[in-house]
Structure formats: structure tokens, C-alpha cells
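Please treat every number below as a calculation from the coordinates, not as lab data. Predicted model, so just to flag it, every value in this text is computed and none were measured. So basically every Cβ, Gly included, is an ideal-geometry build from the backbone, and we count neighbours across all protein chains shown.
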Amino acid sequence: MTKLLRAVSVTVRCFDVKKCYQPRDPTWNIEGMMNNSWYIVKPEVIQDPNGSRSYLMLRHPCEPGTGQGGWKKQSVELQMQDIRRQASAPTKQFTREEIEKHSTEQDCWIVVRGKVYDATSVLSWHPGGKAAILPHAGRAHMQTTEEYESIHDEYAHEKLEECALGAVTKKCMDFMKKDAEEKAKIAAKSVVHDPDVALKAHKWTKVRFVRKSSVSEDTHRYTFSLPPPAKKLGMGIGQHIQIGFHFKDRMAIRPYTPTRPIVEGQDDGTFDLTVKTYYPDPSQPGGTMSNTLDCLRHGEEVEIKGPAGEIEYRGHGHFVIDGEDRFFDCITLILGGSGITPGYQLIARILMKANEDTTKIKVIDSNKTEDDILMGDELAEFEKNHPGQFQVCHVLSHPGQNWAGEKGHVDQRIIRQYSFPPEDKNVALLCGPPTLIKKSVLPALVDWGYHEDSNLFGF
């Protein structure tokens with residue numbers, strides 16, 4: 001069974017009494033008849049939608065009739081032909097001078113992967129706040145693409161395409177590439193690297209998988225070792241790293257926030273990631289990186305780069321946000337799903353130094369079911385040990401019969417009941433799915449009196 005789970009495919013190849021073997025691919029013979037070819041099925045791990053069990057499904061090349069979902073796709077040649085046809089289609093092109101005219105909050109254009117987008121409508125609901133977008137408004141540079149691709153998922157890509165205007169001109173693209181090369185050279189010369197620190201902002205670093213421990217049925221803690229002589233990861237509280245894994249034809253990159261080390265004394269040449277695995281099922285293909293991590297073998301390597309993120313906590317209520325020092329006494333964290341990990345990092349940093357750091361924290365953690373709650377035991381332990389400093393409220397949209405906590409979705413009532421009010425020394429930090437942030441959290445906080453980029457920010 002373990003071999004089936006790790007197998008890329010299972011192939012059936014037949015032969016007749018004359019030892020004539022099937023060809024690998026369908027072919028027409030001289031009699032005008034098509035020969036049967038090898039039959040290939042591909043294993044997938046499927047999560048039972050009505051329970052917590054997983055099972056192995058062998059997906060066929062195509063579904064019966066006109067059904068969708070088979071693994072067989074267009075050949076690479078046909079895909080390349082489609083790409084060339086799309087590339088040759090007439091597309092509106094913009095010069096650097098035209099793009100630079102649209103650099104305000106009321107008229108915000110950005111450039112990602114050589115395409116031009118009108119992001120003006122996104123500013124009002126962007127989970128990371130408008131401050132994450134405005135520095136790139138009207139700027140034709142590669143940094144926008146680098147920052148965008150380091151933290152956004154497929155949903156964000158789909159929403160971005162709705163804002164597409166066209167592409168940059170060849171002259172503009174050449175300028176962007178040259179500008180990126182020059183900035184990289186300057187950055188490389190200006191950085192004096194500490195050999196005790198593993199992370200390098202402009203270079204990938206290989207780390208080795210050490211072990212995996214179970215947190216829940218679909219959530220695991222992965223430990224990686226840093227390359228010698230490094231003992232420290234080298235990132236601030238509130239920041240994240242990029243994890244990269246090389247496939248045969250591409251490199252998958254996803255942002256993650258380590259859940260260890262957090263305080264001094266934990267730097268031992270390793271770090272932990274706590275990751276929920278989104279297994280594939282008939283409705284979605286599953287998480288690329290979470291499934292990759294779930295299948296790592298001892299000693300395998302992935303790559304890391306960073307740190308990234310515009311929010312860093314320095315202790316005693318001191319934040320550096322977009323390069324500006326800010327001080328708060330009380331923090332409200334509104335988190336959803338895997339958004340708990342950057343929040344947990346901040347919580348643990350404050351409460352593990354409770355004798356020194358008296359900053360108060362309230363957390364609203366939104367999930368579907370009890371099984372979806374990440375770091376639940378750790379949060380409960382913090383709440384038990386720090387009753388006057390820390391409070392957490394879990395909200396479940398699909399709770400079990402015995403759930404005694406808040407039910408439904410995060411709304412105005414829940415926010416006002418379990419958050420600090422919008423006062424000068426209070427801040428609200430958000431991290432979660434765009435639908436949660438856009439539809440309920442941001443409007444409720446703004447209506448209550450919070451102000452974006454003043455005391456309301458997105459991780």
C-alpha cells in the first residue's frame with residue numbers, strides 16, 4: 001500500500017500468445033486499425049467528505065462519456081500551440097510612462113508577470129490592506145511580481161485576472177529586467193551575511209527534512225535542519241519564509257510561518273512548520289505544497305528564502321510596520337484556517353515572555369469544524385496559564401452537536417464581543433481567507449471605528 005501511495009502511476013501492459021506487446025501510445029497500423037496501448041491509472045488520496053477517513057482512488061485517463069476529471073490532458077505540443085496562438089493574439093500594450101500615471105489610491109495600476117492590472121477596486125477588501133499594494137502603484141518593476149507570487153494562492157490569481165488591462169511593451173519589460181538585475185547586484189554587495197544565520201533574502205538556501213510528528217489527522221509538524229554552520233533561522237516575529245520544492249518542470253513556492261523557534265534559546269539549527277494537508281478529492285486537486293511536505297522522506301531537501309512580510313514584532317508592544325515604528329498595548333487577532341500560524345508565532349512570543357511583555361491579546365479563530373482548529377491545545381494552554389492577558393474565541397461554521405462555543409460566521413456581534421475596542425493603543429491584525437476578510441471582518445472593524453493602515457493591518 002505504501003508503494004501505491006507514493007506511485008506516480010500504475011501501468012498495465014498486455015501481450016498476446018505470440019508475445020506481441022501493446023505499444024506505449026495509441027498508433028494506427030498499416031491496415032488502418034488502431035492498436036490498444038498501455039493502460040495507465042494514477043493514484044490519488046481522497047478525503048471522505050462524510051467522515052475523517054482517507055482512501056486511495058485510482059483515476060482513469062478519462063471519465064465515462066463526456067465526464068470530466070480524467071488525468072489525461074492535452075499533449076505538450078498542443079498546449080504550446082495554444083500558448084503561441086494566445087501570445088500572437090492582439091493585446092493592449094502599455095509603456096512605462098503610461099503605467100506611471102496611475103499611482104494613486106483612486107487610480108492604482110500594478111504590473112505582475114509582465115501584465116498590467118487595475119487594482120483600484122481591490123484596495124478596499126485586500127486581506128493585507130491597501131498598504132501592501134500602494135507601494136507598487138504605477139511602478140513597472142519586478143518587485144511587485146516577487147512579492148505577489150510569494151504569498152498568493154489560486155483564488156488570488158483568479159481575482160487578479162478579473163482586473164487585467166493588457167501587457168507591458170517589450171521596451172518596458174527590458175527596462176524591468178535590467179532594473180531587477182542592477183538592484184540584485186547592489187543588494188548582494190551591501191549584505192554582510194552572518195554565517196550563523198541560514199536565511200538569505202535574495203538567495204535560496206537548502207534545508208533537510210528531519211522528522212514529522214502528528215498534530216491531528218490531517219495536520220503535521222515538520223522539522224527541518226539548517227545547513228551547517230547556521231544555528232539560527234534569522235527572521236523576526238510576524239514575518240514568514242518562502243518554501244520552494246523542485247518538480248521536474250517547475251518549482252512550487254508557498255509562504256509559511258515557522259512555529260519554532262520563537263524565543264531566544266530555541267535556536268538549535270532546526271525549525272518547525274505546522275501545516276494542514278489539503279488532500280485531493282473530486283471537487284479540488286488538493287494543496288500542492290502541503291501534499292509534497294506530507295510525502296517527504298527523511299533526508300530530502302527543500303529550499304527556503306526570506307524573511308518576508310511588512311510586519312515585525314520587536315517586543316513590549318513595539319511593531320515595525322512598513323518600516324514605521326508603532327506601539328500598542330492591546331492586540332486583537334482575527335484569524336481564519338491556516339492563518340493561525342502567523343498569529344500563533346506572535347502569541348507565543350509575547351506569552352513565553354509574559355514576565356517581561358505585558359501586551360494583552362484577544363483572538364478570534366474561524367474554522368469549519370473542530371478538526372480544522374490548528375494549534376488548539378497550545379492556545380488552550382496559553383489561555384489557562386495567562387487568564388488576564390490572553391483570551392481566545394473559536395468560531396465554527398459547521399460545528400458538531402457537542403460544540404459549546406460560537407457557531408456560524410465571524411460577524412459584527414462576535415467581533416465587538418471578543419475584540420478590543422478601537423482605541424489609540426489598540427491594534428487589529430488580520431490573516432485568513434479573502435472571503436472572510438472582505439465580506440465580514442474589514443467592514444465590521446471599519447464601521448466600529450478602526451482605520452486601515454493606522455490601527456488595522458493584514459499579515
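Kirkwood-based Rg over Rh for the chain (C-alpha set), two decimals?
Rg divided by Rh gives 1.00.
What is segment 93-190's relative contact order, in percent, from Cα pairs under 8 angstrom and six or more apart in sequence?
It comes to 37 percent, rounded to a whole number.
Rounded to whole Å and ordered largest first, report the semi-axes of the equivalent ellipsoid of segment 93-190 derived from its Cα gyration tensor (root of 5λ).
21, 16, 13
By counting other Cβ atoms within 10 Å of each Cβ, how are CYS108, CYS163 ranked from fewest to most? Show your work: numbers first, answer last.
Details: CYS108 22, CYS163 18.
Lowest to highest Cβ neighbour count: CYS163, CYS108.
In bins 5 Å wide, starting from 0, what share of all Cα pairs of segment 250-321 does each bin hold, as a percent?
Going from the shortest bin to the longest, the percentages are 3, 10, 17, 22, 18, 12, 9, 6, 2, 0.
Can you give me the three principal axis dimensions of segment 328-458 from its C-alpha atoms, in Å, biggest first?
Over segment 328-458, Cα extents along the principal axes are 40, 33, 22 Å.
Which FRET efficiency, nearest 0.05, do SER397 and THR95 yield, Cβ-Cβ r, R0 41 Å?
Rounded to the nearest 0.05, the efficiency is 0.30.
So which lysines can LYS438 reach, going by Cα to Cα under 17 Å and dropping same-chain residues fewer than 8 places off?
Correct list for LYS438: LYS130, LYS159.
So if I place +1 on the C-beta of Lys and Arg and -1 on the C-beta of Asp and Glu, and nothing else carries charge, what would the dipole magnitude of segment 205-308 be about its Cα centre? I want it in debye, nearest 20.
240
So which of LYS276/LYS407; LYS170/LYS439; LYS92/LYS185 end up more than 28 Å apart, counting from Cα to Cα?
LYS170/LYS439; LYS92/LYS185, as the Cα separations exceed 28 Å there.
Please report the antiparallel percentage of the DSSP beta bridges confined to the chain, to the nearest 5.
Once the DSSP bridges in the chain are tallied, antiparallel ones form about 65 percent.
What order do you get for PHE94, PHE382 when you list them from fewest to most C-beta neighbours inside 10 Å? Please report the intermediate quantities before stating the final value.
Numbers: PHE94 21, PHE382 24.
Ascending number of Cβ neighbours within 10 Å: PHE94, PHE382.
To make sure I understand the rule: partners must be aspartates and glutamates, Cα under 15 Å from the Cα of LYS360, and not fewer than 8 residues away in the same chain. Which ones qualify?
Those aspartates and glutamates meeting the cut-off are ASP329, GLU383, GLU423, ASP424.
What is segment 292-424's relative contact order, in percent, from Cα pairs under 8 angstrom and six or more apart in sequence?
Dividing the mean separation by the residue count of segment 292-424 yields 20 percent.
Quick one: pull the percentage of alpha-carbon pairs in segment 205-308 with a separation above 24 Å.
In whole percent, the long-distance tail amounts to 21.
Please name which of SER214, ALA230, PRO23 has its Cα lying farthest along the dipole of the chain towards the positive end, using unit charges on Cβ (Lys, Arg +1; Asp, Glu -1) and the Cα centre as origin.
PRO23
Using Cβ counts within 10 Å as a stand-in for footprinting exposure, how do ARG96, ARG326, ARG6 rank, fewest first?
On the way: ARG96 18, ARG326 15, ARG6 10.
If I rank by nearby Cβ atoms, fewest first, I get ARG6, ARG326, ARG96.
So what is the relative contact order for the chain, in percent, with contacts set as C-alpha pairs under 8 Å and at least six apart?
With pairs under 8 Å counted, the relative contact order is 12 percent.
Put +1 on the Cβ of each Lys and Arg and -1 on the Cβ of each Asp and Glu in the chain; which of PHE390, VAL302, LEU199 then has its Cα farthest toward the positive end of the dipole?
VAL302
LYS212: which aspartates and glutamates have alpha carbons under 13 Å from its alpha carbon, excluding same-chain residues fewer than 8 sequence positions away?
ASP272, ASP294, GLU300
Calculated FRET efficiency, HIS316 and ALA201, Cβ-Cβ r, R0 30 Å, to nearest 0.05? Walk me through the numbers before you get to the answer.
Values: r = 26 Å, r/R0 = 0.87.
The formula returns an efficiency of 0.70 here.
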